[in-house]
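The numbers here are math on the coordinates, done by the rules we state, and not lab data. Every value quoted in this text rests on a predicted model; they were computed, and no experiment measured them. We place every Cβ from the backbone using ideal geometry, glycine too, and count neighbours over all the protein chains shown.
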Amino acid sequence: MSVEPRINDRIRVPEVRLVGPAGEQVGIVRIEDALRLAVEADLDLVEVAPMAKPPVCKLMDFGKFKYEAAQKERESRRNQTHTIIKEMKLRPKIDQHDYETKKGHVERFLKAGDKVKITIMFRGREQSRPELGLRLLGRLAEDVTELGFVEATPKQDGRNMIMVLAPHRRKADGAKPTSEGLAEESPTEDIAIDA
């Protein structure tokens with residue numbers, strides 16, 4: 001959220017370095033002359049570099065300038081990736097089938113490009129055995145190592161133990177063409193051998 005530049009009468013300096021509407025350098029002129037040129041060209045005098053000595057002003061349509069700046073900001077916001085953190089809760093004494101189900105969910109989240117926060121919930125006397133949680137988190141990290149990596153190592157947080165997994169960067173997109181290229185070359189070699 002930048003501060004809006006000063007325009008026309010709000011520019012309070014004796015002289016400015018003027019830039020024309022097409023970007024050409026007009027030179028250093030008195031503010032009255034710059035405002036007169038802006039009125040004659042039916043444009044606004046906009047201060048683009050207030051900290052320069054003298055300040056740099058440009059002749060432009062300020063409404064159009066604001067509209068284009070808003071469009072650029074909207075476009076950059078659209079191109080941003082939103083990081084979503086999914087959470088998966090486990091118990092230290094989880095059954096094998098339940099573990100496989102939870103692991104499947106974690107794999108699905110990582111394939112979708114989301115981070116996963118794994119929480120081991122300790123109850124009662126289980127709190128005296130944090131190594132069970134560490135062992136379970138290590139096993140889960142090992143099982144999904146081809147899809148993601150440990151971003152935040154396991155740490156105790158009250159009754160819970162937390163670890164964060166993040167997906168690998170999308171290097172698979174770059175690797176696909178090379179594997180397809182190898183697949184295309186191998187049949188031609190087989191044909192050459194058969195002939």
Subtracting the Cα-Cα distance of residue 49 and residue 99 from 0.36 nm times their residue separation yields 12.0 nm
Counting Lys and Arg as +1 and Asp and Glu as -1, each charge on the Cβ, what is the dipole of region 8-77 about the Cα centre in debye, to the nearest 20?
320 debye
In degrees rounded to 10, the 0-90 angle between helix 31-40 Cα long axis and the longest Cα principal axis of the chain is 90 degrees
Cα gyration tensor category, rounded, prolate or oblate, for region 1-92 with a/c compared to 1.5
prolate
Okay, which of region 102-136 sit inside 14 Å, backbone N to the point 7 Å along the Cα-Cβ direction of residue 81?
110-116
Here region 49-55 yields Karplus 3J(HN,Hα) values (6.51, -1.76, 1.60; θ = phi - 60°; whole Hz; Gly and Pro given as x) of 9, x, 7, 6, 10, x, x
Quick check: Cα centre of region 19-87 to Cα centre of region 96-127, how many Å?
51 Å
Using only alpha carbon pairs under 8 Å that are at least six residues apart, calculate the relative contact order of the chain and give it in whole percent.
14 percent
Simple Cβ-charge dipole of region 112-160, Lys/Arg +1 and Asp/Glu -1, about Cα centre, in debye nearest 20
360 debye
Counting only the backbone N, which residues of region 21-41 are under 15 Å from the spot 7 Å out from the Cα of residue 9 toward its beta-carbon?
32, 35-36, 39
Report the equivalent ellipsoid semi-axes for region 85-167 in whole Å, largest first, defined as the square roots of five times the eigenvalues of the gyration tensor built from alpha carbon atoms.
21, 13, 10
State the number of lysine pairs found in region 85-167 whose Cα atoms come within less than 12 Å, restricting to pairs 8 or more positions apart or on distinct chains.
6
Sorting check: for 99-105, 14-20, which peptide has the highest mean count of neighbouring beta carbons within 10 Å, and how do the rest follow?
14-20, 99-105
For the chain, find the longest principal axis of its Cα atoms and tell me its angle to the long axis of helix 62-79, 0 to 90°, nearest 10.
10 degrees
Projected onto the charge dipole of the chain (unit charges on the beta-carbon of Lys, Arg, Asp and Glu, signs +1, +1, -1, -1), the Cα from 148, 54, 38 with the largest positive-side position is that of 148
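Assign one of three labels to the chain, namely rounded, prolate or oblate, based on the Cα gyration tensor with a ≥ b ≥ c the square roots of its eigenvalues; rounded applies when a/c is under 1.5, prolate when it is not and a/b is larger than b/c, and oblate otherwise.
Numbers: a/c = 4.90, a/b = 1.93, b/c = 2.54.
Cα axes put the chain in the oblate bin.
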Rounded to the nearest 10 degrees, what's the angle between the helix 172-194 long axis and the longest principal axis of the chain, both from Cα atoms, 0 to 90?
60 degrees
Could you size up the charge dipole of the chain around its Cα centre, putting +1 on the beta carbon of Lys and Arg and -1 on that of Asp and Glu, and report it in debye to the nearest 20?
1540 debye
